[in-house]
Amino acid sequence: MTSALARDLPLVIQGGMGIGVSGWKLARTVSAAGQLGVVSGSCIDTVFARRLQDGDPEGHLRRAMEAFPFSEVSAAALKRYFLPEGRAEDEPYRLVPMWKHKANRVQEQLTMLASFVEVWLAREGHDGPVGMNLLTKIQLPNLATLYGAMLAGVDYVLMGAGIPKEIPGALDAFVNHGPASLKLDLEGPNSGEREHIHFDPRDHWEGEPEESLKRPDFLPIIASNSLAKMMVRKANGPVNGFIIEAPTAGGHNAPPRGELTTNERGEPVYGERDEVDLEQMGELGLPFWVAGGWGSPEGLTSALEAGAAGIQVGTPFAYARESGLDPELRQRVLREAREGKVDLHTDLRASPTGFPFKVVQLEGTNSEEEMYQKRERVCDLGYLRAAYRRDDGRIAFRCPSEPVDTYQKKGGDVEETEGRKCLCNALMADVGHGQERESGPERPILTSGDEVRSLGQFLGDRESYSAVDVLDYLLATVEAPVEAPAERRSLRLPQVAAQR
């Protein structure tokens, strides 16, 4: 079994931006160009089902479904979700059932299929590596998602937004189609009794699977040296490298370490304790990539000189033509970036996870608090719900973005609901799959890294650009391996300096 890391390491890892922004088209373009393309596995079952309901006009999903090992699963998904002519105007999407502690077989199979299709399409037509990004926080679908990706031959798995120390062991188990479990995180007081999420691939096979699967390399996304060292010591299987993400990156950021302080806009302020020492990272003996503020030729050169294998870049790829972003939304941001008007806010309250979340400030989207307050609070996707134990001992779920009275009845603190936004529905709208409501379609909440502010310089006089344009820009000055000088020029991520 050959490790992906036994081959040449990518200089550029394309960020795995969810929901659906890092789709298979973007990942395939980057991978075919010789770098690491990454698909997002977050909420992939819903993304897949909504693409089918929109008619799969080019037939790509159905072509990949024919390669899925369980033909009856593909047939059932088509029967339930595929609309040959697409949805009628204003017709709501048919919902995928929300995940529960003990998933049913159909739910697992739809997720396996969706994940397989995404990776299979990303790998089609080239021999470059393909990765999948998942959020540790979204626990319930992750095992089925990983197994489906491995069935399609995924090369790397990237995971952040938590401490994914049980994932390496799950990947090891799936190589031979063995079962895996994850400890279920529970909110609030409990008796000390542990609950687990179980997934057994053999529940879905008739007879014994004939071939073992390739074990993808595992790259946890971390924001501190201590977390990297802990993963090396305590993960239940091999960790093959790291992605070190600064708080200038988009999406969810790690909260500052120590006492929280904010700037005049209410954004968290990061300090020296939040810096990652790259020299210490090098001492772990594993390759690492740096992310957040490194997305330039100079950033790549500096990263290599500091001992990194390369950089992870998200924001420029998010606005490339191949990304999954709704084209109109993408062009709005590019216009504002060209005019120097784009604004970004790190919101401490928006995400139900409690992690800081970066939000692009766009008129007419749910980034506007007044507009968001007009939205009826509803939780019908449920990926960011938290598990808790009821008084009767049963496991239930709640989300501070759901209706306030519902959250309170489940034992939630009403203060936790203040300022929270339904990211599941809003991020689905980012990629053109927003649910239709009686009050109108769900509005987007767009996230980006700080680099969105400098996109106008990269864009120039162009109206749009491709993912290959991004790679050409990033790799323009790296035609040969860069040797680290005797005294490394940069040994720490520029987290503090990058704050605005």
- Task: Could you give me the residue pairs with C-beta distances under 9 Å whose first residue belongs to segment 260-280 and is free of Cβ contacts under 8 Å to residues at least 24 places away in the same chain, whose second residue is surrounded by 13 or more Cβ atoms within 10 Å (Cβ to Cβ) and of a type in the set (D, E, K, R) wherever it lies, and which are 6+ apart or on separate chains?
- Result: R273/R257
- Message: Condition check: touching a strand residue (DSSP E or B) at 6+ places or on another chain (Cβ under 7 Å), of a type in the set (A, V, I, L, M, F, W, C), closer than 23 Å to N142 by Cα and surrounded by 19 or more Cβ atoms within 10 Å (Cβ to Cβ). Does W99 satisfy that?
- Response: no
- Item | Number of the exception - L121 against (1) of a type in the set (A, V, I, L, M); (2) touching a His at 6+ places or on another chain (Cβ under 8 Å); (3) at pLDDT 95 or above; (4) crowded, with 24+ Cβ neighbours inside 10 Å | (4)
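So which residues in segment 346-397 are of a type in the set (V, I, T), under 16 Å from the mean Cα position of the chain (by Cα) and not in a loop (DSSP other than H, G, I, E, B)?
Pass one, segment 346-397, residues of a type in the set (V, I, T): 346, 353, 359-360, 365, 378, 395.
Among the residues that remain, those that are also under 16 Å from the mean Cα position of the chain (by Cα) are: 353, 359.
Across segment 346-397, the qualifying residue is only V359.
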- From E279, E245, E328, residue being modelled with pLDDT of 90 or more and not polar (S, T, N, Q): E328
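Specify which of the listed residues (R80, R63, R28) is assigned to a helix (DSSP H, G or I), surrounded by 15 or more Cβ atoms within 10 Å (Cβ to Cβ) and charged (D, E, K, R). Talk me through it step by step, then tell me what you get.
Numbers: R80 fails: surrounded by 15 or more Cβ atoms within 10 Å (Cβ to Cβ); R63 fails: surrounded by 15 or more Cβ atoms within 10 Å (Cβ to Cβ).
Just a single option satisfies the conditions, and that option is R28.
One line per residue, one yes/no per condition, for (1) of a type outside the set (G, A, S); (2) modelled with pLDDT under 90; (3) touching a Lys or Arg at 6+ places or on another chain (Cβ under 7 Å); (4) assigned to a loop (DSSP other than H, G, I, E, B):
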| position | (1), (2), (3), (4) |
| --- | --- |
| R420 | yes, no, yes, yes |
| L427 | yes, no, no, no |
| G432 | no, no, no, yes |
| R443 | yes, no, no, yes |
| D461 | yes, yes, no, yes |
- Query: Taking segment 261-316 as the region of interest, how many residues are of a type in the set (S, T, N, Q) and over 25 Å from M17 (Cβ atoms)?
  - Reply: 4
- Task: State whether the residues of segment 379-399 include one that is in contact with a helix residue (DSSP H, G or I) (Cβ under 7 Å, 6 or more places away or on another chain), surrounded by fewer than 18 Cβ atoms within 10 Å (Cβ to Cβ) and free of Cβ contacts under 8 Å to residues at least 60 places away in the same chain.
- Result: no
- Note on the structure: Residue hits (segment 79-104; hydrophobic (A, V, I, L, M, F, W, C) and under 30 Å from G440 (Cβ atoms)) are F82, L83, A88, L95, V96, M98, W99
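Being on the phi > 0 side of the Ramachandran plot and not polar (S, T, N, Q): is that true of G250 here? Steps first, answer last, please.
Values: on the phi > 0 side of the Ramachandran plot: no; not polar (S, T, N, Q): yes.
Judged against the criteria, G250 is not a match.
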- Exactly one of (1) within 30 Å of C399 (Cβ to Cβ); (2) modelled with pLDDT of 95 or more is unmet by W99. Its number? (2)
- Return the pairs, sorted by first residue and then second, in which the second residue is in a loop (DSSP other than H, G, I, E, B) and crowded, with 24+ Cβ neighbours inside 10 Å, the first residue lies in segment 433-452 and is among the aromatic types (F, W, Y), the beta carbons are less than 6 Å apart, and the residues are 6+ apart or on different chains. none
- Query: Inside segment 328-353, can you point out the residues that are surrounded by fewer than 17 Cβ atoms within 10 Å (Cβ to Cβ), under 26 Å from V39 (Cβ atoms) and touching a residue at least 24 places away in the same chain (Cβ under 8 Å)?
  - Reply: Q331
- Item | Qualifying positions in segment 429-444 - touching a Gly at 6+ places or on another chain (Cβ under 6 Å) and either buried (at least 23 other Cβ atoms within 10 Å of the Cβ) or under 27 Å from E267 (Cβ atoms) (or both) | V431, E442
- Task: Please give the number of the condition R257 fails out of (1) among the charged types (D, E, K, R); (2) surrounded by 22 or more Cβ atoms within 10 Å (Cβ to Cβ); (3) touching an Asp or Glu at 6+ places or on another chain (Cβ under 7 Å).
- Result: (2)
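Would you call I163 in contact with a Ser or Thr (Cβ under 9 Å, 6 or more places away or on another chain) and either at pLDDT below 95 or on the phi > 0 side of the Ramachandran plot (or both)? Break it down stepwise before answering.
Numbers: in contact with a Ser or Thr (Cβ under 9 Å, 6 or more places away or on another chain): yes; either at pLDDT below 95 or on the phi > 0 side of the Ramachandran plot (or both): yes.
In short, yes.
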- For residues in segment 183-213 being touching a helix residue (DSSP H, G or I) at 6+ places or on another chain (Cβ under 7 Å) and touching a residue at least 60 places away in the same chain (Cβ under 8 Å), which is farthest from V12 (Cα to Cα)? D203
- Index of the failed condition, P57 passing every other in (1) assigned to a loop (DSSP other than H, G, I, E, B); (2) on the phi < 0 side of the Ramachandran plot; (3) surrounded by 14 or more Cβ atoms within 10 Å (Cβ to Cβ); (4) without any contact (Cβ under 8 Å) to a residue 60 or more places away in the chain: (3)
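I197 - would you say it is of a type in the set (A, V, I, L, M, F, W, C), surrounded by 14 or more Cβ atoms within 10 Å (Cβ to Cβ) and in contact with a Ser or Thr (Cβ under 8 Å, 6 or more places away or on another chain)? Spell out how you get there, then give the answer.
On the way: of a type in the set (A, V, I, L, M, F, W, C): yes; surrounded by 14 or more Cβ atoms within 10 Å (Cβ to Cβ): yes; in contact with a Ser or Thr (Cβ under 8 Å, 6 or more places away or on another chain): yes.
So I197 fits the description; yes.
The values are calculated or read from the model by the stated rules, or taken from the named source; none is laboratory data. Computed from a predicted structure; not experimentally measured. Counting neighbours? That spans all protein chains shown, and the Cβs are built from the backbone with ideal geometry, glycine included.
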